[in-house]
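Structure first, then comments.
Since every read-out is calculated from the coordinates, none of them should be taken as a lab result. Because the structure is predicted, anything quoted here is derived from the model rather than measured. When we count neighbours, we look across all protein chains shown, and the Cβ atoms used for this are built from the backbone with ideal geometry, even at glycine.
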Amino acid sequence: MQNALGLLDDQNILFAVMLGLGLLGIGTMFFAMFTPRRWHIPYSVEIVFAGIIFTIVMGGAYYSQKTVSQYWADIPKMEEEASNKKITIDYKSDSFDTAVSAYLYQWGFIFINPDGSASRNALSVKPGARVLVHVLANDVIHGFQIPAVHITTEVDPKSVRSIWFRAPDKPGKYLIQCMDYCGIGHHQMKAWLVVTDNVVPKIENGGLG
Amino acid sequence: MAGEYKYQESLDWQPEDLFEKYTFKEMLTSSDARILGIKGMLLALIMLGVGGIMALTMRLELMEPGIQFIGPKPYINAVTIHGLIMVLAYAVPFATSSLYFILPRTLGIRNIQNAWAAHLSFVALLISAALLFISRPDFTWAFYAPLSLRVATDMIWMAYVSIILVGISEFLGGIPLISTAFAWKRESGKRWMEMPLAGWGALTGGLFLTISAPMLSIVGVIMLTDFLQITAIYDPARGGDALTFLFMSWFYGHPAVYLPLIPLIAVLYHMLPKMLGRNLWSHTSGIVAFTALFFLGFGVWVHHFQPNFTVHSWLNFFYQFTTMLIIIPSSLHVFNWVASMWQGRISEETRRAIPFKFIAGAIFMIIVGGVNGFLNGLISVDTDFIHNTYWLPAHFHAMFLGFIGMMSMAVFYFLFPYITGRMFSYRLANLHFWIWMPGIFVQVMMMFWLGMTYHPRWVVDYLPLPEWVSGQFWLSIAGFANGFGFLIFLINVLVSVRSGEPVSRDPWVMPDTTPASKDSAPVTNAAE
């Protein structure tokens, strides 16, 4: 599955670095406790150690900054595309891009498609489509997460978050969930990302009620 | 090296039955640092029990998907009280109180300074906890603003007052720590670099408390006035802004994680050389780590709601940068502890000593919880599976339950003979350790696993995905095991305080069996 940030593989490297550091730390601790060999460590070792840690964490920070900047830089471009191309719902078209608004309220989602139709708790996209989502929270702070495309955002009331993702290639139903506690119905606040090839999904027309 | 602090066995560390020495009335009013410390620690342990019952209630509910025992409302009450009680009424008071206990004698001065502030802090905390229990809030322990202003019941104003009071309590609790460190400087006339590391922990920990805690009170006041419709600062529906809340509350909320951490690190710096029977690896390295942690600790709080699209992107990256940097001083602390263990032989007495086992467990867990800070801080990974999944509770439970929980047990077992003049049951304490160590580890690992599979936080019910069901099941089992371990601890303390074996000499004087060589610095155990 293609990651929105394109970092599924890179993330594994970061993960391995983290595991390596942890195992090194724990291993050294046990070694220090149980080995009969005693060692009065000179200061130079600590300086080298701090240097290595510094290099690793700065490498991680540089990598993250590069990826996230790229991801953010794509948002204005996609916004422009979306407004220029006058996207219409055309599920038969091969190059399908769409801009969707997601309204988060207690305790559900409403998605407004470009043609103005609204669907409740289901976002329908074509496989592999690049989807731009404007996320708005109506009442309290909500979270918006689609695990299948590795994207999370937290959204405060009054502000709009723009995120984009590439839909999974395999048609199916993927979970969308709220990530911030938003009241006693928080655990029910789920929606589905419906990846479908050519069937036009059932769309509920109507207001935001 | 000049200014190197030498571990010295203070003459004052003799077992003593303080419960016999002081009457109950004297205990309430005495300004003896030890009495203040005991009061704070006992209150904190009661709160640990209460918070633990809340945790086990949640674990019982979450053991299987679906809603079986308690509904969403009582569940979130339990979450809220568990979080607030564990952090604000157990971890922070326990850490500061244990530092009160050891500080005067470690620094060689008569008593902690400004003991009145510690008294007031204790009273404020008691009132605050009582108000919290009465109001039974359901806005989670992070009390994010528009929600926490809306779920109000009639009693909810008490929760806001409770937040104000706990801020005041922490501010007051920091004053004795700072002034005692300054009293050391005044009385000894030595240079700052010669101050024992416990003193450095008191200084930086006290500054953390006094600088950050007022912000919590201000947040509480604004929430109260917003609730009473006097102001509308946090409520977007009436012209306020939730972002103001996030920035203000996390300005307290990030340093808050250092409030229990720093004092317990300070206590660890006192206990470790005593348990090993020799000097620490480096005094200077500890000072550097404390100072760097202090300055960086105030510059990272925005990472709690990163990436923040309403601030400019370079600011997000600035906070990512400082968050990454903070790994360095934390790992210098761990480096120092491991190097201290490595530089000399660890005697059989030390290995068998219960406080040493808990210290080793705490260091193990701080490594487990610390290294994943590397992933948490990176925005690219954070926006994938970390933000508000179970990964986050895993991180702070490794730190709070793993490090602070294990360390507080180490401290309590360590101080037990000095408080009661008796020894606890070795077998029960050993059993406690061997339940908690795997229990906490499994619990934390299961939370990491659930986080990696995108299990959301703060839910009473979850989808019956196989990876979530098995993760929650083993998490609950480990949670109950930890509860059982705490029960054993409780029994051990209650029995040993009356009928434990009396100890006449300092039980934690450990022989240093390292053969003398020209590499190792001479150990000075005698008072200088």
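Between A:Tyr62 and A:Lys173, how high is the FRET efficiency from 1/(1 + (r/R0)^6) when r is the Cβ-Cβ distance and R₀ = 45 Å? Nearest 0.05.
0.75
If a/c stays under 1.5 just call it rounded; otherwise compare a/b with b/c (prolate if a/b is bigger, oblate if not). Do that for region A:2-73, with a ≥ b ≥ c from the square roots of the Cα gyration tensor eigenvalues.
Here region A:2-73 falls in the oblate category.
Could you pull out the pairs from A:Lys77/A:Lys170; A:Lys77/A:Lys173; A:Lys170/A:Lys190; A:Lys158/A:Lys190 whose alpha carbons sit more than 24 Å apart here? Could the numbers behind the result be given before it?
Working: A:Lys77/A:Lys170 26 Å; A:Lys77/A:Lys173 28 Å; A:Lys170/A:Lys190 20 Å; A:Lys158/A:Lys190 21 Å.
From A:Lys77/A:Lys170; A:Lys77/A:Lys173; A:Lys170/A:Lys190; A:Lys158/A:Lys190, over 24 Å: A:Lys77/A:Lys170; A:Lys77/A:Lys173.
I'd like the distance separating the alpha-carbon centroids of region B:247-273 and region B:112-134, in whole Å.
Going from one Cα centre to the other spans 19 Å.
In chain B, if the dipole is taken from +1 on Lys/Arg beta carbons and -1 on Asp/Glu beta carbons about the Cα centre, which of B:Met63, B:Gly83, B:Ile230 is farthest to the positive end?
With unit charges placed on the Cβ atoms, the residue in question is B:Gly83.
Mind checking the full-extension length gain between B:Glu467 and B:Arg505? Use 0.36 nm per residue of separation minus the Cα-Cα distance, one decimal, nm. Please report the intermediate quantities before stating the final value.
Details: separation 38, 0.36 × 38 = 13.68 nm, distance 5.32 nm.
Once the chain is fully extended between B:Glu467 and B:Arg505, it gains 8.4 nm.
Along the charge dipole of the protein assembly as shown, Cβ charges K/R +1 and D/E -1, which of B:Phe139, A:Val48, B:Val411 sits furthest on the positive end?
B:Val411
Sort region B:200-242 into rounded, prolate or oblate with this rule: let a ≥ b ≥ c be the square roots of the eigenvalues of the Cα gyration tensor; rounded if a/c is under 1.5, and if a/c is not under 1.5, prolate when a/b is larger than b/c, oblate otherwise.
Working: a/c = 6.84, a/b = 3.35, b/c = 2.04.
Prolate.
With 10 Å bins from zero, work out the P(r) of region B:80-120 over every alpha carbon pair and list the percent per bin.
26, 42, 23, 8, 0
By the gyration tensor of its Cα atoms, with a ≥ b ≥ c the square roots of the eigenvalues, what is the shape of region B:372-528: rounded for a/c under 1.5, prolate for a/b over b/c, or oblate?
Because a/c hits 1.5 or more and a/b fails to exceed b/c, region B:372-528 counts as oblate.
Under 12 Å from the Cβ of B:Pro502, count the other residues' Cβ atoms, weight Lys and Arg +1, Asp and Glu -1, and hand me the total.
-1
Relative contact order for chain B using alpha-carbon pairs under 8 Å, separation at least 6, rounded to a whole percent?
Working: 846 pairs, mean separation 104.9, N = 528.
This gives 20 percent for chain B.
Using only C-alpha positions, report the orientation-averaged shadow area of the convex hull of region B:7-125, nm², one decimal. Present the calculation step by step, with values, prior to reporting the outcome.
Numbers: hull surface 40.1 nm².
The Cα convex hull of region B:7-125, projected and averaged over all directions, gives 10.0 nm².
Along the charge dipole of region B:18-502, Cβ charges K/R +1 and D/E -1, which of B:Met248, B:Val444, B:Phe356 sits furthest on the positive end?
Farthest towards the positive end: B:Phe356.
If neighbour count is taken as other Cβ atoms inside 10 Å, put B:Glu349, B:Glu467 in order from fewest to most.
Fewest to most other Cβ atoms nearby, the residues stand as B:Glu467, B:Glu349.
Give the calculated FRET efficiency between B:Met155 and A:Asn138 to the nearest 0.05, with a Förster radius of 25 Å applied to their Cβ-Cβ distance. Show your work: numbers first, answer last.
On the way: r = 27 Å, r/R0 = 1.09.
The calculated FRET efficiency here is 0.35.
Roughly how many whole Å is it from the C-alpha centroid of region B:411-450 to that of region A:140-165?
Going from one Cα centre to the other spans 41 Å.
With a Cα-only, solvent-free Debye model of region A:90-195, what are the log10 I(q)/I(0) values at q = 0.16 Å⁻¹?
-0.63
Once label points are set 7 Å from the Cα along Cα→Cβ at both A:Lys77 and B:Gln14, what is their separation, rounded to one decimal in nm?
7.8
Run a plain Debye calculation on chain B (Cα atoms as equal point scatterers, no solvent) and give log10 I(q)/I(0) at q = 0.09, 0.10, 0.12 Å⁻¹, rounded to two decimals, same order as the q list.
Debye output, listed in q order: -0.64, -0.80, -1.17.
Using the Kirkwood radius over C-alpha pairs as Rh, can you work out the diffusion coefficient of the protein assembly as shown via Stokes-Einstein at 25 °C, viscosity 0.890 mPa s, in µm² per second? Don't skip to the end; give the middle numbers.
Numbers: Rh = 27.1 Å.
It comes out at roughly 91 µm²/s.
How charged is the neighbourhood of B:Pro456? Take every other residue with its Cβ under 13 Å from the Cβ of B:Pro456, and add Lys/Arg as +1 and Asp/Glu as -1.
Details: positive: A:Lys190, B:Arg457; negative: A:Glu154, A:Asp180, B:Asp461.
Net charge in that neighbourhood comes out at -1.
B:Ile230 to B:Arg352: extension gain in nm, 0.36 nm per residue of separation minus the Cα-Cα distance? Each step should come with its number before you reach the end.
Working: separation 122, 0.36 × 122 = 43.92 nm, distance 6.03 nm.
Net length gain for the segment: 37.9 nm.
Lysine pairs, Cα distance under 28 Å, 8 or more residues apart or cross-chain: how many in region B:18-502?
9
Return the Rg/Rh value of region B:99-147, two decimal places, where both radii are evaluated on C-alpha atoms and Rh is the Kirkwood radius.
Values: Rg = 17.0 Å, Rh = 13.8 Å.
A ratio of 1.24.
So what is the 222 nm mean residue ellipticity for chain B from helices alone, if each DSSP H run of at least 4 adds -39500 (n - 2.57) and you divide by all residues, rounding to the nearest 500 deg cm²/dmol? Don't skip to the end; give the middle numbers.
Working: 20 runs with 349 residues, N = 528.
Calculated from helices alone, the mean residue ellipticity at 222 nm is -22500 deg cm²/dmol.
Measure off 7 Å from each Cα along the Cα-to-Cβ vector at A:Leu19 and B:Thr291, then give the distance between these two points in nanometres to one decimal.
With each label point 7 Å from Cα toward Cβ, the separation is 3.9 nm.
Between B:Leu431 and B:Arg345, with labels modelled 7 Å along Cα→Cβ, what's the label distance in nm to one decimal, could you check?
3.4
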